[in-house]
Amino acid sequence: MDLSRIYTKTSKGMLDGSLKSRVLGKEHGRLLALIDGKSTIGDLLEKNSRISENRLAAIVDELVSAGFIRLLSADTDADDFGFSSTIIVDEANTQAFFEAQAAVESKMRRAEDKEKVTQIQEREALLKEVTADIAAEAEVLKRQQKQRQEHTEISQSQAAASVAVAEEETQRHAENKARMEAEKKIRQAKKLKEEQQLLEDENLKARTLVEEKERLAKESAAIARRDLEAKIQAEEEAQRKAEMAARLHEMEQAKKQANEEIQTLSKALDEARVAAELETRVKRRLEARAREEADALARVEAEKKAIAEARRLAEVEAEEKLNAERKARIAAEQKAQAETQARVEEEARRQAAEEAQRQAEVEAAAKIEAERK
């Protein structure tokens, strides 16, 4: 829809607004009241922010079809009262137009006041809803706190009952403690023996795995070193071939250019001067070419040295890494063995202490029994 269009009321629209006709709906009446022959459709859309553009277009079309408004053409001007200058005089008298205009303005003011009152009422309703929500949440929190307090009291009662049951259970199990202790010692000794055997098996597997890893690492390092050397040799060979081809091409070009220069100079200069000049130029070029080749050879030698140094550093780094890993594995194995030995010794000391205590109790009992006799 073209938002720059301007609509104006017809005489029917003016009279409908002044007489408060019931023919139009609420949205139609509000929009009809805003049409003044000056505001564009875009202005009307801004004033009715609650109505979408499609709905506004539909209402405008319905008002046009019903004869309440019409499009204000480009060559038709609207006066200060919102009427088109092309309205036929016999549609209504002048007094009716002025009365209708005043009624429209009054209706617009009432509509604006009603809109403000509606907005205030909506804000008050929203405030009431928020207040009610806060009160409801407070009530919910209060009920939850009461439920938690009741749950705490029940838990305390259950805890007291549990304590009584636990005391009875403790007394009942005290009689079987001596028998269970003896069985426990037997199981612990058996378990310790199994753990020692398992530890020895794990140490053997660990040593085998370490040796296999070291072998694979050495093989991988050797393969990588051979691949690196083959790659470097291939690159050097390709580089030498490329340099030779480039030098041959440059020499061919220099030779061709020298021949062309000889032919050109031979036509313009004396044979002796041409020969001398050509000899000087060729000599200079040959010297320059020799210097360039020497520089190229020096660069190649430097690159070879750098590659050899990089290869040596890589091998040293790989060897250091293998040594560090080997030392770390050995340290881990030694630590595990030390921890196992410490556990075994601690268990032996504990068993010895228990045996000594048991022997002392037996001797004390025997002594008491002897004193009784």
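Every read-out reported here was derived from the displayed coordinates using simple, explicitly stated rules and does not represent laboratory data. Since the model is a prediction, treat every value here as computed from it, not as a measurement. When we count neighbours, we look across all protein chains shown, and the Cβ atoms used for this are built from the backbone with ideal geometry, even at glycine.
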Computed ³J(HN,Hα) along segment 214-219: with the Karplus parameters 6.51/-1.76/1.60, θ = phi - 60°, integer Hz and x for glycine or proline, the list is 5, 5, 5, 5, 5, 5
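What FRET efficiency, computed as 1/(1 + (r/R0)^6) with R0 = 51 Å and r the Cβ-Cβ distance, is obtained for E219 and T340, rounded to the nearest 0.05?
Details: r = 33 Å, r/R0 = 0.64.
So the FRET efficiency works out to roughly 0.95.
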Long-range HN-HN contacts of I69 with modeled amide H, under 5 Å
T10, V64
Length gained, A242-N259, 0.36 nm per residue minus C-alpha separation, equals 3.6 nm
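If each residue of separation counts as 0.36 nm, what is the full-extension length gain between A135 and E168 once their alpha-carbon separation is subtracted?
Numbers: separation 33, 0.36 × 33 = 11.88 nm, distance 5.02 nm.
Gain in length upon complete extension: 6.9 nm.
Quick one: of K47/K107; K26/K107; K185/K205; K205/K335; K213/K321, which pairs are farther than 19 Å apart, Cα to Cα?
Long pairs (Cα-Cα over 19 Å): K185/K205.
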Principal axis dimensions, largest first and in whole angstrom, of segment 221-266 by Cα
66, 7, 5
